[in-house]
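For reference, the structure is listed below as structure tokens.
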Amino acid sequence: MRFIVLFLSIIFIACQQEEMVSIHDPLAVTVSDRDLMDKANSYLGVVEPYPQPPAELVDLVELGERLFREPGLSGDGKTSCQSCHRIESAGVDHLSRSRGVFGRMGARNTPPIAHQSYLTRHSWEGKHTTLAAQVQASLANPNEMGGLPANTMMDMILQSDTLSRLFHSAFPGEISEDVQVQVGQALTTFLQTVVLPTRFDAFLKGDGDALTSREKKGLDLFLSKGCVPCHSGPAVGGQQFQRFGIFRDYEPFTGSDSVDKGLAGITKNPSDDRVFRVAPLRLVSQTAPYFHDGSVETLEEAVWIMGKIQLNQNLTDEEVDHIVSFLHTLSPDTTYSLAEGR
Ligand code: HEC
Ligand code: HEC
């Protein structure tokens, strides 16, 4: 009996010591996996792989993917969606700002094009409420695809055996007068298939081992520091408008050479000055440089700036590193092509 009591008290002391270790280690995960999952699920959410497209959409998706890589869709015959949104590179080109048709420099950084179905707003200042509208704007933008006239677009398609074959399978009957609408429909349908679930989705679904303790601590900080009221939903953003620079102006921190009015550029309403869509953070570890003007090179710096200007907090290097470890789990671990996302 005495032995049992002794044995139990040793276990008790051992447990207490373990408890104390976690109290004194500021970076140990303090909440259980279950609590962390519940809290994460209440703000964020899983992305589901695009199911095998139904038969009537298979040809449309194939056409869309082909058109995404087609320079003939641009005003100078040399630029494609793929020139900036590289399919093999998370849908971005890693430049601060990109050159479109005739070498014209765009005003903003190229965002990734995955998970578009999980966004309620498209583009940096959230100008477009539907993906179809965003795609038409991308085709028409004078600094991107350059607005190819409908008749030139039709000729380009008819002159390509592959494109006209794919077009006729996707749209039985004639190519319509509204060829731009059909092209937009194919591109939109292709983009909707680009979804890349990661280990983070496995964690949200209940697999506690899907994340390392370091990544879990980063998630815990991401939740507790107050990033999630803004970066919410399955795309970890892309749902709301917020001022970029709530406590302080952004440009002294990002080193931006000019100030972008954001939403106010469209609404002309002074209260929308510097208001942007909260950036979606899926794939963010692979989409440097950061922010709407690509002014910040590293994710560590971007996270620290967010703490400072959005939350009025000085995140420590350790906190930043942990948050960044978590943000890495929003990208697949292996190299991939966006076209394999489905
Ligand atoms: C010259 C580079 C360039 C080309 C070419 C280009 N884009 Fe973009 N794309 C951008 C930039 C820059 C933005 C952000 C624009 C903004 O916020 O003002 C963007 C935004 C987008 C978005 C919104 C992403 C989001 O998260 O909201 C989609 C979708 C998109 N482009 C699809 C396309 C498609 C489809 C094509 C081809 C028809 C295309 N783009 C051609 C640079 C480019
Ligand atoms: C008040 C809302 C708000 C809060 C809080 C907030 N963010 Fe942001 N975040 C934004 C907005 C808006 C942008 C887009 C900025 C721009 O347009 O350049 C953004 C952009 C980012 C980017 C750059 C994404 C890219 O693709 O370039 C990262 C990384 C980021 N946030 C991480 C965080 C982290 C980590 C936290 C918590 C420490 C946080 N944010 C807190 C609103 C917020």
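For the reader, a short list of remarks on this structure follows.
- Any hit, segment 227-234, residues being outside any helix (DSSP H, G or I), away from ligand 1 (no atom under 16 Å from the Cβ), under 19 Å from residue 277 (Cα atoms) and touching a strand residue (DSSP E or B) at 6+ places or on another chain (Cβ under 9 Å): no
Quick grid of which residues meet (1) within 30 Å of residue 298 (Cα to Cα); (2) buried (at least 22 other Cβ atoms within 10 Å of the Cβ):
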residue	(1), (2)
106	yes, no
112	yes, yes
117	yes, no
127	yes, no
130	no, no
135	yes, yes
161	no, no
175	no, no
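- Only residues that are touching a strand residue (DSSP E or B) at 6+ places or on another chain (Cβ under 9 Å), touching a residue at least 24 places away in the same chain (Cβ under 8 Å) and part of a helix (DSSP H, G or I) were counted across segment 83-113, and they come to 1.
- For residue 131: the one exception among (1) touching a Pro at 6+ places or on another chain (Cβ under 8 Å); (2) under 24 Å from residue 239 (Cβ atoms); (3) within 8 Å of ligand 1 (Cβ to nearest atom); (4) aliphatic (A, V, I, L, M): (1)
- Residue pairs whose Cβ atoms lie under 6 Å apart, sitting 6 or more positions apart in sequence or on different chains, and linking a residue in segment 136-150 that is free of Cβ contacts under 8 Å to residues at least 40 places away in the same chain to a partner that is more than 9 Å from ligand 1 (Cβ to nearest atom), are 140/147; 150/179; 150/180.
- Residue satisfying all of: in segment 301-331; hydrophobic (A, V, I, L, M, F, W, C) and more than 27 Å from residue 195 (Cβ to Cβ); farthest from the chain's Cα centre (by Cα) among these: 315
- Checking each residue in segment 194-232 for being within 19 Å of residue 116 (Cβ to Cβ), more than 13 Å from ligand 2 (Cβ to nearest atom) and in contact with a helix residue (DSSP H, G or I) (Cβ under 7 Å, 6 or more places away or on another chain) picks out 194, 195, 196.
- Any hit, segment 149-170, residues being not in a helix (DSSP H, G or I) and not assigned by TED's automatic domain parsing to the domain that holds residue 327: yes
- One residue stands out among those in segment 75-101 that are within 7 Å of ligand 1 (Cβ to nearest atom) and in contact with a helix residue (DSSP H, G or I) (Cβ under 6 Å, 6 or more places away or on another chain): the one that is modelled with the lowest pLDDT, which is 98.
- Here is the figure for segment 231-288: residues that are touching a residue at least 40 places away in the same chain (Cβ under 8 Å), closer than 15 Å to residue 108 by Cβ and of a type in the set (Ser, Thr, Tyr) total 3.
The values are calculated or read from the model by the stated rules, or taken from the named source; none is laboratory data. Bear in mind that the values here come from a model prediction, so they are computed numbers and not experimental data. FYI the Cβ positions are ideal-geometry reconstructions off the backbone, even for glycines, and counts take in every protein chain you see.
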